[in-house]
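Here's the structure, in C-alpha cells; my notes come after.
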Amino acid sequence: MALRIGIDVDGVLADFREAFRKAAQACGLHDVADPEDPKSAQSLGQRDVRRVWEYVGKTPNWWMTLAAYEPDQIARLYSLTRGAGWEIFFLTNRPASAGDTVQFQTQWWIERHGFYLPAVLTVPGSRGEIANGLRLDLIVDDLVMNCADVVGASTAKALLLLRSPDNAVHKHAIDRGIGVVATLAEALGVLERLHELLPSRRGRMMRLADWFMPAEPGDVLPRNPRIARPLPPLKER
C-alpha cells in the first residue's frame with residue numbers, strides 16, 4: 001500500500017519568513033530584521049501586520065515569488081514519489097493575493113521546482129481533520145500546533161520541521177510523540193525509512209492487498225508527464 005503523505009508548504013518548502021520580511025520593507029517597515037513568526041502579530045504591531053498583508057493581497061501572484069529553502073529536495077521528493085508510488089498532498093492556508101488563485105500559484109511554484117502535477121489543498125481549518133479525512137500516514141509541518149492537532153485527531157504520524165533550534169519546542173514535540181527534523185532532506189530520509197518499514201508493520205493486511213495487485217507493472221508516464229504523447233482525438237459519432 002502506498003504511503004499517503006501531507007506536506008505543508010510555507011516553512012517546509014517555501015521561505016515565507018524572508019518573503020514576508022521583504023514585503024514589510026516594501027511597506028516602509030525597514031526595522032524588521034528577522035521576524036520570528038510573521039504569520040502572527042508577535043514580531044509587528046497589529047496595524048503593521050495588516051498593512052503588510054494588504055500589500056500581499058494587492059500584489060499579483062505574490063506567492064509565486066517566494067524562494068525555496070531546499071529546491072533540490074523538492075525535485076528529490078518527486079523522484080521518490082514516482083519511484084515508490086507515494087501519494088503526496090501539499091497543504092497550505094495561504095490567504096489570497098491578486099492574480100491567480102492561491103491553489104494555482106502554489107501548484108505553479110511547486111512544479112517549477114521539479115515536482116510535476118502537484119496536488120495542492122488549501123486548508124484553512126484543522127490539519128487533524130484533513131489528515132483523518134485523507135487517511136494520511138504522515139504529515140510534515142513546521143508548526144508544532146499543527147503536528148499536535150494531527151496526532152490528536154487522526155492515526156497519522158507527524159514530523160516537525162524545526163529549522164531554527166529551539167530546545168523547548170523540540171522537547172514539547174518529542175514528549176507528544178512527534179518526530180523532529182531540521183531540514184527537508186532529513187525529513188525525506190525519514191519517509192524512505194518509513195516506506196521500508198511499513199510493509200512489515202501492516203503485516204497480514206499488506207499481504208492480502210498483494211492479491212489485488214497486477215503481477216507486472218503497467219506502462220508509466222515519463223519523469224515529466226507533460227511531455228507524454230497527447231491522447232488521440234475523440235471519434236465523431
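The values are calculated or read from the model by the stated rules, or taken from the named source; none is laboratory data. Predicted model, so just to flag it, every value in this text is computed and none were measured. In this analysis, Cβ positions are derived from the backbone assuming ideal geometry, glycine residues included, and neighbour counts consider all displayed protein chains.
Report the residue count in region 127-182 for those that are in contact (Cβ under 8 Å) with a residue 60 or more places away in the chain and among the charged types (D, E, K, R).
Total meeting the criteria: 6.
Going through region 151-178 one residue at a time, which ones are under 20 Å from the mean Cα position of the chain (by Cα) and basic (K, R)?
Correct list: K157, R163.
For region 122-150: of the residues being closer than 18 Å to A14 by Cβ and polar (S, T, N, Q), which is nearest to the chain's Cα centre (by Cα)?
Of everything passing the filter in region 122-150, T122 is nearest to the chain's Cα centre (by Cα).
Keeping to region 90-121, report how many residues are more than 11 Å from the chain's Cα centre (by Cα), of a type in the set (V, I, T) and outside any loop (DSSP other than H, G, I, E, B).
1
Report yes if S97 is in contact with an Asp or Glu (Cβ under 8 Å, 6 or more places away or on another chain) and in the same structural domain as G177 (by TED's automatic domain parsing), otherwise no.
no
When residues of region 159-182 are filtered for being surrounded by 15 or more Cβ atoms within 10 Å (Cβ to Cβ) and either closer than 19 Å to I7 by Cβ or among the polar types (S, T, N, Q) (or both), how many remain?
Looking only at that region, the number is 10.
Go through region 30-89 residue by residue and tally those that are in a loop (DSSP other than H, G, I, E, B), among the aliphatic types (A, V, I, L, M), at pLDDT below 95 and surrounded by fewer than 18 Cβ atoms within 10 Å (Cβ to Cβ).
Selection size over region 30-89: 2.
Given (1) part of a loop (DSSP other than H, G, I, E, B); (2) modelled with pLDDT of 95 or more; (3) among the aliphatic types (A, V, I, L, M); (4) surrounded by 15 or more Cβ atoms within 10 Å (Cβ to Cβ), identify the lone condition not met by A19.
Every listed condition holds for A19 apart from (1).
Restricting the first residue to region 213-227 and requiring it to be outside the structural domain of G85 (by TED's automatic domain parsing), which pairs with a second residue that is among the small types (G, A, S) and at pLDDT 75 or above meet a Cβ separation below 9 Å and a spacing of at least six or different chains?
Between residues of region 213-227 that are outside the structural domain of G85 (by TED's automatic domain parsing) and residues that are among the small types (G, A, S) and at pLDDT 75 or above, the close pairs are R223/S79.
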